[in-house]
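*Asks:* Questions regarding the structure given below will be posed in turn.
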Amino acid sequence: MSEDENPTEPSEESLRDIPEQDFSGAIRPNRYANLRGAFQHAVFVDREIWEHFGSAERILETLRLLVDIAKKRTA
């Protein structure tokens, strides 16, 4: 990179031409964040799966059982 290509600081005159910007309201906090509690991940299941198991607890119980079986087979 030559000296001509080095970035230079803007002059005071050019800074006066640029209006001030207030970004304090640009990012809104997530107003629902406190509702999630210990919730970490979301998993979507097909309607057919939900109708078969009927609840998140039964789905989790079955998934945990499958993980245990897989661990026993690989051990």
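Computed from the coordinates by the stated procedures, all read-outs in this text should not be read as laboratory data. Bear in mind the structure is a predicted one, so any value in this text is a computation, not a measurement. FYI the Cβ positions are ideal-geometry reconstructions off the backbone, even for glycines, and counts take in every protein chain you see.
*Asks:* When every alpha-carbon pair in the chain is counted, what percent end up more than 19 Å apart?
*Replies:* Summing the P(r) tail past 19 Å for the chain gives 72 percent.
*Asks:* Another question, if that's okay. Once you mark the trypsin sites (Lys or Arg not before Pro) that are in a DSSP loop and have at most 10 other Cβ atoms within 10 Å, what is the longest gap between them in the chain?
*Replies:* On the way: sites that count: Arg31, Arg36.
It runs 37-75.
*Asks:* Helix-only estimate, please: 222 nm mean residue ellipticity of the chain, summing -39500 (n - 2.57) across DSSP H runs of length 4 or more and dividing by its residues, to the nearest 500. Before the final figure, lay out each step's value.
*Replies:* Values: 3 runs with 32 residues, N = 75.
Helices in the chain give a 222 nm mean residue ellipticity of -13000 deg cm²/dmol.
*Asks:* Next question, about the same structure. Calculate how steeply helix 56-74 sits against the longest principal axis of the alpha-carbon atoms of the chain, using the helix alpha-carbon long axis, and give the answer as 0 to 90 degrees to the nearest 10.
*Replies:* The answer is roughly 80 degrees.
*Asks:* Let me ask another. Give me the distance in nm between label points sitting 7 Å out from Cα along the Cα-to-Cβ direction at Glu57 and Ile27, one decimal.
*Replies:* For the pair Glu57/Ile27, the computed spacing is 3.9 nm.
*Asks:* Right, something else. Write out the GluC sites (Glu not before Pro) in the chain meeting two conditions: DSSP loop, and at most 12 other Cβ atoms within 10 Å of their Cβ.
*Replies:* Glu20
*Asks:* Compare the Cα positions of Ile59, Ala42, Gly25 along the charge dipole of the chain (+1 at Cβ of Lys, Arg; -1 at Cβ of Asp, Glu; about the Cα centre) and return the one farthest towards the positive end.
*Replies:* Ile59
*Asks:* Calculate the FRET efficiency for Phe44 and Arg64 from the Cβ-Cβ distance with a Förster distance of 25 Å, rounded to the nearest 0.05. Kindly include the intermediate steps, with their values, before the conclusion.
*Replies:* Details: r = 19 Å, r/R0 = 0.75.
Using R0 = 25 Å, I get an efficiency of 0.85.
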